[in-house]
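First comes the structure, then the notes that go with it.
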Amino acid sequence: MEALPILKLEKVNLHYGDNHVLKNISMDIAANSITAFIGPSGCGKSSLLRCLNRMNDLIDSTKIEGKILFGDNIDINDRKLDVTQLRRKIGMVFQKPNPFPKSIYENIAYGIRIAQGAPKSEVDGRVEEALKKVGLWKEVSDRLKDSGMALSGGQAQRLCIARTIATKPDIILMDEPTSALDPISTQTIEELTLELKENYTVVIVTHNMQQAARISDSTAFFYLGDLVEYSPTKVMFTRPQQKRTEDYITGRFG
Amino acid sequence: MSLEKRSRIAEYLIEKGLIRLSGYAAVLVLLLILFFIMREGLPFFGVYNAGDFLFKTDWYPLSGRYGMLPLLTGSVMVTVLSLVVAVPMAIGTAIFISELAPARVRGIFKVLLEILASIPSVVFGFLGIIFLGPWVQKTFGLQTGLNAFSAGILLAFMALPTIASVADEALQAVPRSLREASLALGASRIQTIFRITFPAASSGVIAGVMLGIGRAIGETMTVMMVAGGSAQVTMNPMAPVRTMTGTIAAEMGEVVMGDDHYRALFMIGLLLFVITLGVNTLSGIIIERIRRGQGGQKS
Amino acid sequence: MMTRKIRLSDGIGYAFVYAMTAAAFIPLIAFLVYVLAKGIGRVNWEFLSSASSSMESGGIFAPLFGTLVLTLLSLLVAVPISLLAAVYLSEYARKDRWFRIIELTIVNLAGVPSVVYGLFGLGLFVIFFGLGKSLIAGALTMACMSLPLLVTVFYQALKAVPLTLREASLALGASKLSTTFRIVVPTALPGIFTGVILATARIAGETAPVLFTVAAYYMPNLPQSLSDQSMLLSYHLYVISTQNTGVKDEQKFAVTLILVLLVLVVNLVAIGLRSRARKKIGNLG
């Protein structure tokens, strides 16, 4: 049974200045699934990810055309939209773990506090819940006051994921979340991502095809700004329909 | 769910209003300086000839004569003397810090430079009165040791940190590959420094010297206390002189607000303002040119 | 053979560099040591804490108090404005023409002679605003003078905060304002603090701007309000150095020592803080 799409992209075009970075991207992303964006460097996969939570707004010369619809057909590029609320619903985890120079507790409480003032007891509870969900609670519950930056790579990234889910998003965007981590931490994060699928929708950009094959339900292959192929992961990796896809997957370029 | 924008008036006000206005504060201050100095000073030209002011050499305010040329030459003389002493010292120091000293020593000397730079000008003036003046007087057999020469020496030490740190930056900016190419050809370290590295950094050093000029011309307390106080045009470095800065500081206490003398002093201030603005802008342009040039050459 | 010739010119080169460096710093160190030796004799708690009824000797509490108060007031005015200005330049301004203009203005303001700031303070605060020669006029003048230094240091501190921290905050749904004041500024705090301390040393040591705006030759009592004039440490040193009215040398050296110590200690603290902050930033991003 197909879940309802939580994100619908219709003919999305993105320009950085004169650069036509994304060309006519149309795709639906199903709720409670893990979708992987793969492709060689410069293919636009990270740019597309950043369109989904409007982080591209930070760059001056960006121009976007087409529609990106979220949930109940909310157009996320609508001028009347409050982008800060959008970002609480669509969260992002970055390539290099970037905890704030604050305590572990404060890192997570930050996202809760900026949304609405919550009483301390509620904040405590949500911090604990977030840390439990990423499997950090046991490791850090006795040192919540320690600096978030003192954590190792894998732990720090889990802290960043905990920080993101503390705002109760619907979608979690991950921009190459394990490329700066060692293999064991990578594995931990991958297992965590699979668990997250239950309650969230995950879109993950990865340059590691095996990772995409391991954890995602659907995979989208991008090349030079085009969406070349988008299919269930098992299908993409066993019977790719496009030659370019097959070339990339078999390592002929990339 | 609706994600409509809440009207955030307070935030908008803060961002667009307070922050943006503060950003322009510096421009406001500069304009205010210009405006108020002109306000108090320009009326002077209603009663006194501008040409006489700039080119006559008799500065006798008590008799109503305001020829400020001696003040200008005084400033120039003291500045030139200070540069003669400061530039070699600054270059030597910069070369030492940048090219010869090991990392830790470099750090220590950079701190020493900052310490030198932080010494208040009135302390330099005190040093001049209590030490340098008497010493110069004795050594050169003069009537007084408070003259352009002494002031120049003190000013040299005040300008030194400015010139040295800019020169150091310029030397550091020279790409390593240039030094390596020279050494690989068999040149010694000293040869590399003086024939390759330093010439490559020369425009930065010049910019540093210009900043030093600005610093020296603008210095007030030291020259007021040490340069002597005689408003005369002279080529003799051992003669007491008056600078523009020293004159303003010394005589402002004795004027009646709003009278000619008062306005004349403001006009000197305006001239000073324009000169230092010009010197600083020029050095800024030079520094900008180097930075752009370096962008293409960096290894 | 050829080796000898090169060695000679090398020797000259080294000699030049080392001689110049020595010439630059030995006088400084010698002077500081001398001031310490000559002045320490008179410096004790009484010297610092009691006011004096004459200019020739006695405690320097009055000028010391004046300097501290003036410095504090100036910072109170200068720091908030400079911080906001630095925030504007770092977080909000686009790198357009206006940005260049503001940048140039700040560089030029930094080069304006201190006596010109004195004239400016006289013209605007003392006369036009009618504040008269007063602590408030002096503080406003010094605040303007500190603006370039503070804005530059604050701006660099803010810029050093890694971009990725801002992105993380925005991605959580924080507004730009929240991100700036809850994440960026707190992270930049050590650098900001350093700037404040550097400005403190500058203000405490300056004489020319206060000549026309606040300095009093002698006051029997401490200033009671913002509109009072005040004695100041730097101006006091100027006065007792240049007027030969029976002030003992020890007194002059003692005052010099206090002023130099004040400025030196403050600057060293700032330098220490700055290197610690640099090490911390090295661990971020």
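Between A:Leu194 and A:Asn13, what FRET efficiency comes out of the Förster formula 1/(1 + (r/R0)^6) with R0 = 35 Å and r the beta carbon distance, rounded to 0.05?
That gives a FRET efficiency of 0.60.
Over all pairs of distinct alpha carbons, what does the Kirkwood formula give as the hydrodynamic radius of segment B:173-271, in Å?
17.3 Å
Between B:Arg289 and C:Arg94, what is the FRET efficiency for a Förster distance of 25 Å, r being their Cβ-Cβ separation, to the nearest 0.05?
So the FRET efficiency works out to roughly 0.60.
Under 25 °C and 0.890 mPa s, how fast does segment B:49-297 diffuse according to Stokes-Einstein, given a Kirkwood radius computed over C-alpha pairs? Answer in µm²/s, whole number.
Rounded, D is 125 µm²/s.
Any of A:Lys138/C:Lys159; A:Lys23/A:Lys234; A:Lys197/C:Lys159; A:Lys80/A:Lys120 with alpha carbons more than 30 Å apart? Name them for me.
The pairs that break the limit, which is 30 Å between Cα atoms, are A:Lys138/C:Lys159; A:Lys197/C:Lys159; A:Lys80/A:Lys120.
Among C:Thr21, C:Thr200, C:Thr180, which one moves the most in a GNM of chain C with springs linking Cα atoms closer than 10 Å?
C:Thr21
Quick check on packing: order B:120-126, C:265-271, B:240-246 by the mean number of other C-beta atoms within 10 Å, highest mean leading.
Going by the mean number of other Cβ atoms within 10 Å, highest first, we get B:240-246, B:120-126, C:265-271.
Please give the average number of partner chain Cβ atoms lying within 10 Å of the Cβ of each residue in B:266-273, rounded to a whole number.
The per-residue average across the peptide is 4.
Take the Cα pairs of segment C:45-283, get the Kirkwood Rh, then feed it into Stokes-Einstein at 20 °C and 1.002 mPa s and tell me D in µm²/s.
110 µm²/s
In percent, what relative contact order does segment B:49-297 have, based on Cα pairs under 8 Å that are 6 or more apart in sequence?
Across segment B:49-297, relative contact order equals 26 percent.
When DSSP beta bridges are limited to those with both residues in chain A, what percentage is antiparallel, rounded to the nearest 5?
60 percent
Return one quarter of the surface area of the convex hull spanned by the alpha-carbon atoms of segment A:5-249, equal to its mean projected area, in nm².
Mean projected area of the Cα convex hull: 13.3 nm².
Per residue of B:49-57, count partner chain C-beta atoms within 10 Å of its C-beta, then hand back the mean as an integer.
0
Given R₀ = 22 Å, FRET efficiency for A:Lys132-A:Ile184 by Cβ-Cβ distance, to 0.05?
0.60
What number, rounded to the nearest 500 deg cm²/dmol, is the helix-based mean residue ellipticity at 222 nm of the protein assembly as shown, given -39500 (n - 2.57) per DSSP H run of at least four residues and division by all its residues?
For the protein assembly as shown, the value works out to -18500 deg cm²/dmol.
Mind telling me which of B:Met224, B:Met89, B:Met77 comes out most flexible in a GNM of chain B, alpha-carbon contacts under 10 Å?
B:Met89
Roughly how crowded by other chains is peptide B:188-197, in terms of the mean Cβ count from those chains within 10 Å of each of its Cβ atoms?
Per residue, the number of nearby Cβ atoms from other chains is 3 on average.
Tell me the Rg and the Dmax, in Å, that the Cα atoms of the protein assembly as shown produce.
32.8, 107
What percent does the relative contact order of chain C come to when contacts are Cα pairs within less than 8 Å and at least six residues apart?
28 percent
Under a point spin-label approximation (7 Å from Cα along Cα-to-Cβ), what is the C:Ser49-C:Val33 distance to one decimal in nm?
3.3 nm
Given 20 °C and 1.002 mPa s, compute D for segment B:121-172 with the Stokes-Einstein relation, Rh being the Kirkwood radius over Cα pairs; round to the nearest whole µm²/s.
178 µm²/s
Taking 0.36 nm per intervening residue step and subtracting the Cα-Cα distance, what contour gain separates B:Val84 from B:Arg176 on full extension?
30.1 nm
Alpha carbon centre of segment A:58-73 versus segment B:94-160: separation in Å?
Computed from Cα coordinates, the inter-centre distance equals 62 Å.
Please find, in a Gaussian network model of chain C (springs between Cα atoms separated by less than 10 Å), the residue of C:Asp249, C:Asp228, C:Asp96 whose mean-square fluctuation is greatest.
Comparing C:Asp249, C:Asp228, C:Asp96 in a Gaussian network model of chain C, the most mobile one is C:Asp96.
Subtract the Cα-Cα distance of A:Glu65 and A:Ala30 from 0.36 nm times their separation in residues, and report this length gain in nm to one decimal.
So the extension gain works out to 10.4 nm.
Where in segment A:151-254 are there trypsin sites (Lys or Arg not before Pro) that are in a DSSP coil and have at most 13 other Cβ atoms within 10 angstrom of their Cβ?
A:Arg252
Since every read-out is calculated from the coordinates, none of them should be taken as a lab result. These figures come from a predicted structure and were not determined experimentally. All Cβ positions, glycine included, derive from the backbone under ideal geometry; neighbour counts span all protein chains shown.
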